[in-house]
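Taking it in order: structure first as structure tokens, then the write-up.
Any read-out appearing in this document is the output of simple, stated calculations on the displayed coordinates, not a laboratory observation. No experiment lies behind these values; they were computed from the predicted model shown. Every residue, glycine among them, receives a Cβ derived from its backbone with ideal geometry; neighbour counts consider all protein chains shown.
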Amino acid sequence: MNRIMIAGTNSGAGKTTVTIGFMKALLNRGYKVSAFKCGPDYIDPMFHSRIVGASARNLDSVFCDDNMIKYLMSEGSCDFSVIEGVMGYYDGVGNTGSSMEIARLTKTPAIIVIDCKGMSDSIGAVMKGFLTYKDTEEPNIAGFLFNRLPESLEEHVRKMCDELDTIYFGRLPYQKEYSISSRHLGLMTAGEIEDLREKVDGLAGLCEKYFEMETIIKTAGLAGHLDYKKPSVDKIQVNQTVTVAVADDRAFSFIYQDNMDFLERAGVEIVRFSPISDAHVPYGINGLILPGGYPELYARELSENVSMIESIRAAVREVPTIAECGGFMYLHEYICTEMGRYRMAGVIKGEVTNKNRLVRFGYVRMESRKEGLFGQKGSVITAHEFHYWDSDCNGNDYNVEKISRPLHYEHGHAGKYFYGGFPHVYFYGNVEAGMEFVRKCSMGKVYTQRSESQ
């Protein structure tokens, strides 16, 4: 099985651009491609999914143990698997969570993307540093790709690769027309870029022209076999279909595909709906998920859809509900933007505002101070948060501990059938919490049209 990782020296080196262009080039060659992203990212997998025509998955060794990573890698693979790295190749949380760790766990050769703008001989210093940084460990680096490398330096860089006994995998010249815009959470989402197909086709053409495609494919064939034990995610035995409605539109799109797969393996039927354009939450559901996204960009449309807001309020009262980050924002009384103060669902008695800075970022452990949707008092979940917006009613139902540094605070709203807060929960890293949500959805509660008017 062919498997390769596209990693980078740092965030912004161009690994996403390289990854999506390379995947499209593989598709053009007739390969069936599967896509993976290291870490808890939502946006890059959206690009992967749009390009390969299949769901992209996450590989996160902070959330998951070694066996689970190997399982997710193997279960999601097909002819040719491409893993996109996170941040710089060695960057993680302490000794875990890095692209290097994922490459080693999955026995995947890694190609490091270097942004060469403003460099010449220093490119060699960067390569040597990455190749020799971990003196006592095999870094799994097969070679390098050179982003924004001018043609005039190509032969010089090839020679440096030979001297360092590493592989030159090609270069990607800068083409402004194929660049992809970004915002504070990373790239703009795939659905927001109208000419994405043209950009990707252009990038694929550049890859075919400037990459050593045959060498990359040959290297990918050297990936090792993975042995793992299949984790237990059992279907709940009930006399009815368990259905969970998931908000999924321009405002709410930060969805772990692995969470959807987890729920389906547990016997859940997923139905998707749009809080922007649909009139109400789907009737007959047993659970509700309001994921993250950019509700602030569509606050007016969300506010004007009064029937949906009323339906959301009723559904939250009736069935187990998860509201994360953007979904949590939507449940407040107001979202305050530069364009105005927009009324939302009002389940959370407060408002959210843009702080114009990163409020909280990183992995956290959350210990419940009371019985909650994910378990009894004292139960612990691992989550991740990344947001510039904040609430004046964040809640205090969880004791939160940052994993990366000694910081503690209280956060989140917990009820027997409710979770609301900025942190996102990944079910394969919190199997018991995910199964508890499914169990509570299976307890017979149903959202009906009648309950909406109560």
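Remark: relative contact order (the chain) = 14 percent; criterion is Cα-Cα distance under 8 angstrom and separation of 6 or more residues. Between residue 113 and 7, 8, 9, 145, the built amide H atoms are under 5 Å apart, and every one of these is 5 or more places off in sequence or on another chain. Partners of residue 176 within straight-line reach, counting lysines whose Cα lies under 19 Å from its Cα and excluding those fewer than 8 residues away in the same chain: 15, 24, 117, 199, 209.
Distance from the alpha carbon centroid of region 11-26 to that of region 69-93 works out to 14 angstrom. Each Cα pair under 8 Å and six or more residues apart adds its separation to the average, and for region 242-452 the resulting relative contact order is 22 percent. Ranked by the mean number of other Cβ atoms within 10 Å of their residues, highest first, the peptides 407-416, 219-228, 233-242 fall in the order 407-416, 219-228, 233-242. Only helices enter this figure: runs of n ≥ 4 DSSP H residues, each worth -39500 (n - 2.57), summed and divided by the residues of the chain, yield -8500 deg cm²/dmol at 222 nm to the nearest 500.
Here each label is just a point 7 Å from Cα along the line to Cβ, and for residue 65 and residue 370 those points are 3.3 nm apart. Here the simple spin-label model places points 7 Å from the Cα toward Cβ, and for residue 306 and residue 407 these points are separated by 4.2 nm.
Once the C-beta distance of residue 343 and residue 54 is scaled by a Förster radius of 35 Å, the resulting FRET efficiency is 0.35 to the nearest 0.05. Each label was represented as a point 7 Å from its Cα along the Cα-to-Cβ direction; for residue 90 and residue 236 these points are 4.6 nm apart. Counted over the chain, the DSSP beta bridges are approximately 45% antiparallel. What does the net charge come to around residue 436 if you take all other residues with beta carbon closer than 14 Å to its beta carbon, with K and R at +1 and D and E at -1? Around residue 436, the surrounding residues sum to +1. Evaluate E = 1/(1 + (r/R0)^6) for residue 152 and residue 201, where r is the Cβ-Cβ distance and R0 equals 45 Å; express this FRET efficiency to the nearest 0.05. Once the sixth-power term is evaluated, E becomes 0.95.
Here region 245-323 and region 344-410 have alpha carbon centers that stand 20 Å from each other.
A straight Cα-to-Cα reach below 21 Å connects residue 235 with the lysines 440, 445, residues fewer than 8 places away in its own chain not being considered. Within straight-line reach of residue 37, meaning a Cα separation under 14 Å, sit the following aspartates and glutamates at least 8 residues removed in sequence or on another chain: 60, 84, 101, 258. Using the structure shown, list the pairs from 70/402; 70/230; 134/402; 370/416 with a Cα-Cα distance above 18 Å, or answer none. Exceeds cut-off: 70/402; 134/402.
The Kirkwood radius of the chain, taken over pairs of alpha-carbon atoms, gives through the Stokes-Einstein law at 25 °C and 0.890 mPa s a diffusion coefficient of 107 µm² s⁻¹. What you get for the chain, charging only the Cβ of Lys and Arg (+1) and of Asp and Glu (-1), is a dipole of about 580 debye around the Cα centre.
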